[in-house]
Amino acid sequence: MTLLKADNITMRFGGLTAVDSFKIEIEPGEIVGLIGPNGAGKTTVFNMITGIYTPTENRIYFQEEDITGLKPDRIAKMGIARTFQNIRLLDNLSVLDNVMIGTHLHLKSNLFSAIFRLPGYVKEENELYEKSRQLLKKVELDEYAGEKAGSLPYGKQRKLEIARALATEPRLLLLDEPAAGMNPQESKELVDFIRQIRDEFEVTVFLIEHDMKVVMEICERILVLDYGVTIAEGKPEEIKNNPEVIKAYLGVDVVNA
Amino acid sequence: MTRKKEQLLSFVALIVLAILTYLAQNYLDNYKLRILNLGAIYATLGVSLNLIFGFTGQFSLGHAGFMAIGAYTTALLIMPPMYKEMTFIIEPLIWPLNVLQLPFIVALLLGGLFAAILAILIGLPVLRLKGDYLGIATLGFAEIVRVIANNIPQVTNGALGLKGIPQYTNLWWTMGFAVLTVFIVKRLISSSYGRALMAIRENEIAAEAIGVNLTYHKVMSFTISAFFAGIGGGLLASLLTTIDPRAFMFIMTFNVLIVVVIGGLGSITGTVIAAFLFNFCLEYLRPIEEGFSLGPLSIPEVPGLRMVTFSLLLLVVILFKQNGLMGEIEFTWKGFFRFLSRFKANRPMKGEGM
Ligand SMILES: Nc1ncnc2c1ncn2[C@@H]1O[C@H](COP(=O)(O)OP(=O)(O)OP(=O)(O)O)[C@@H](O)[C@H]1O
Ligand SMILES: [Mg+2]
């Protein structure tokens, strides 16, 4: 069964077409990359998938269910989790709380039993706590459990954001530039980390990344966006040698130079 | 320290509080009792405002509106029918309110319930707004409540207000509800639902992306907050024995806001301390309004100087100590004993130094 299917989705902001007829099918277990120059519309694709924007045209299906126009929290409950290009942690809350909030959507106890700490809730809360602790151990952030999330160094904040997304038990994980701001050593670790979570948590990964080394190494399949248009799709080697892609990137480089 | 031990300590503290309440209720004069009652009512109001503003991050300025609902409901339900007939001279009170008389606790809870229902109705559309816009909208709501109260004399007796409300409020009621409010809000915020509320405060987009239903959680927090505001209003009505629409102008919300900001947004402990401090100061600063002399400087009689003082204090807090008295720190038994032991450890050191 196809996990995610976008059928020529288009997103317009006024006169600007940020994403034009974007088409994708992702199968369970894949690691798919989305690349493209700045402003190409990559984050907008994520925002459409996660319900922050509703596509102006056409629809998105998750596990063959139409999720177009659903609210972000509904989509999260269905099994899509994400991280943000500009990290969005709950800065003043502890590292542990950040992860525990990720488990809230699975809470079965109602408000009343939570306030009065009825046995059912206490049991559930303990389970959520244990689960979150385990998760922190797996991502090697356990020793920071009590610290404020905002006080972590940048690389660890990125990792925490991934851990928080994993706490929602997603089937599809969207990572928006996970290597941004990381040094080469950290980026290398990130590649292993993403593979590891894919295997361990059985999630499918769809990621945006500017760091070509990371993308080429980790992705099994890559899509290239330029000015909202998908200009190429294929295996890393195919993308590397695609003249269109080279032109898109070189164009940007020339402008930047 | 184990959870059991902490619960035991809390239980003991509750008994001590009950004994103190008993002593105060029986041996303090009315003047002092009134200050304590107001302090406890403000604790209820402040902690409930802190839930929506401090913990959920929703800038609500509608507290006076919910208090008015609670105050009028309670007053109308506890006044003896005979009194009502005497009070409603412009237009008679409508049926069945004119014949209804209910026990105080039932009236209070109904006041809270009506406030809560109203909170759901206005919260659903209004809580979509953010920041200042939400503040303005909720402020507008409170003002509408007041204007309506002014204009339906057949229910509220209009601008004349209600007089001769039975004074059932005493320290047992006010302390009881303050404790209940603290208990419920504390339990709520330390539960998974409370974490969700704080997630909304910290970052709405992130909260929603990890599955927090914004509407549900915001409206839930707003409703619980309004419930206790309604109770607070009811307690106030039966303490003061008279209410009229002017009692629920913006200044009422502002007073509670002062308590919350000075105590610390996001600190229940701070709010409770500030609630009592505020009312003590309000009373004991009374003389400064009657004119006094500071050395060569003589200050004439200035009504309202106390509020000026508080507003200045508020400014100072906002400018220099944004976290208020307590920041986000809460009283815990662990912290309490750590504090005590630090005190003990310090003493001999002082002796050595001398
Ligand atoms: N809410 C919005 N309103 C108007 N324009 C928008 C909005 N969101 C994105 N855009 C525009 O859509 C285009 C694509 O933006 P997007 O953030 O998706 O790019 P991106 O590929 O993620 O770029 P980057 O690599 O810089 O993150 C840009 O021109 C951007 O200005
Ligand atoms: Mg982007």
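Using a Gaussian network model of chain B whose springs link C-alpha atoms within less than 10 Å, name the residue from B:GLY70, B:GLY335, B:GLY135 with the highest mean-square fluctuation. Largest GNM mean-square fluctuation: B:GLY335.
With a Förster radius of 25 Å, plug the Cβ-Cβ distance of B:MET307 and B:THR332 into 1/(1 + (r/R0)^6) and report the FRET value to the nearest 0.05.
On the way: r = 34 Å, r/R0 = 1.36.
Efficiency for this residue pair is about 0.15.
Taking the DSSP bridge list for the protein assembly as shown and keeping only pairs wholly inside it, about 60 percent are antiparallel.
Which whole-number percent gives the relative contact order of chain B, counting Cα pairs below 8 Å spaced six or more residues apart? List each step's numbers first, then the result.
On the way: 547 pairs, mean separation 98.9, N = 354.
Relative contact order, chain B: 28 percent.
Taking the C-alpha atoms only, the angle from helix B:305-320 to the longest principal axis of chain B is near 50 degrees. If you count Lys pairs in chain B whose Cα atoms are under 16 Å apart, skipping same-chain pairs closer than 8 places in sequence, the total is 5.
Cβ-Cβ distance of B:LYS4 and A:ASN183, R₀ of 56 Å, FRET efficiency by 1/(1 + (r/R0)^6): the value works out to about 0.70. Quick one: P(r) of chain B from all Cα-Cα pairs, 20 Å bins, percents rounded to integers, in order of increasing distance. Computed distribution, short to long bins: 28, 55, 16, 1. Straight-line cross-link reach from A:LYS235 at under 17 Å between alpha-carbon atoms covers these lysines, not counting any fewer than eight positions away in the same chain: A:LYS23, A:LYS213. Helix A:119-138 axis versus longest C-alpha principal axis of chain A: approximately 50°, rounded to the nearest ten.
Taking only Cα atoms and a 10 Å spring cutoff, compute GNM fluctuations for chain A and point out the largest among A:GLY51, A:GLY120, A:GLY39. Looking only at A:GLY51, A:GLY120, A:GLY39, the largest GNM fluctuation is found for A:GLY120. Students often get this wrong: which residues of the range B:1-45 have the backbone nitrogen under 11 Å from the point 7 angstrom along Cα-to-C-beta of B:SER341? Once the point is set 7 Å along Cα→Cβ of B:SER341, B:1 turn out to lie under 11 Å by backbone N, inside the range B:1-45. Distance from the Cα centroid of the range B:270-327 to that of the range A:1-44 is 59 Å (rounded to whole angstrom). Once you reduce the range B:132-210 and the range A:159-200 to the center of their Cα atoms, the two points are 42 Å from each other.
Projecting the Cα atoms of B:PHE276, A:ALA40, B:THR332 onto the charge dipole of the protein assembly as shown (Cβ charges, centred on the Cα centre) puts B:PHE276 farthest toward the positive pole. Summed over both chains, the accessible area lost when A and B associate is about 2700 Å², using a 1.4 Å probe.
Over the protein assembly as shown, with the other protein chains present, what is the accessible area per residue in square angstrom, probe 1.4 angstrom?
About 47 Å² of surface per residue is accessible.
Using a 1.4 Å probe over the heavy atoms of the protein chains, calculate the carbon and sulfur portion of the accessible area of the range B:1-107 as a whole percent. Summing carbon and sulfur atoms, their accessible area is 69 percent of the total for the range B:1-107. In this structure the amide hydrogen of A:ASP226, modeled in the peptide plane, comes within under 5 Å of the amide hydrogens of A:ILE231, none closer than 5 places in sequence on its chain. Measuring heavy-atom accessible area with a 1.4 angstrom probe and counting protein chains only, the residues of the range A:78-108 that give up at least 40 Å² relative to the chain alone are A:ARG88, A:LEU90, A:ASN92, A:LEU93, A:ILE101, A:HIS104. Can you bin the range A:25-84 into rounded, prolate or oblate? Criterion: square roots of the alpha carbon gyration tensor eigenvalues sorted a ≥ b ≥ c, rounded for a/c under 1.5, prolate for a/b above b/c, oblate for the rest. Here the range A:25-84 falls in the oblate category. Here's the list of aspartates and glutamates a cross-link from A:LYS240 could span, going by alpha-carbon distance under 17 Å and ignoring same-chain residues fewer than 8 apart: A:GLU209, A:ASP211, A:GLU217, A:GLU220, A:ASP226, A:ASP253.
If both residues of a DSSP beta bridge must be in the range A:4-250, then about 55% of such bridges are antiparallel. Considering helices alone, the calculated mean residue ellipticity of chain B at 222 nm is -23500 deg cm²/dmol, with DSSP H runs of length four and up weighted by -39500 (n - 2.57) and normalised per residue.
Write down the Å³ per residue value for the convex hull defined by the alpha carbon atoms of the protein assembly as shown. List each step's numbers first, then the result.
Working: hull volume 148.7 nm³, N = 611.
Value for the protein assembly as shown: 243 Å³ per residue.
Placing pseudo-labels 7 Å out from each Cα toward the beta carbon at A:PHE116 and A:LEU16 gives an inter-label distance of 5.3 nm. The angle between the Cα long axis of helix B:63-78 and the longest principal axis of the Cα atoms of chain B comes to about 60 degrees, rounded to the nearest 10.
Accessible area of the range A:4-250 with a 1.4 Å probe: how many percent of it is carbon plus sulfur? Provide the component values of the computation, followed by the final result.
On the way: 5250 of 10750 Å².
Result for the range A:4-250: 49 percent of the exposed heavy-atom area is carbon or sulfur.
For the residue pair A:GLU220 and B:LEU28, what label-to-label distance in nm results when each label sits 7 Å from Cα along the Cα-to-beta-carbon direction? About 7.2 nm, to one decimal.
Between the range B:215-241 and the range A:89-141, how far is it from one alpha carbon centroid to the other, in angstrom? If you average the Cα positions of each part, the centres end up 28 Å apart.
The values are calculated or read from the model by the stated rules, or taken from the named source; none is laboratory data. Just so we're clear, the structure is a prediction, and the values are computed from it rather than from any experiment. Here Cβ is always computed from backbone atoms with ideal geometry, including for glycine, and neighbour counts include all displayed protein chains. With ligands, DNA and RNA removed, areas are computed over all heavy atoms of the protein, side chains included. Shrake-Rupley method; radii C 1.70, N 1.55, O 1.52, S 1.80 Å.
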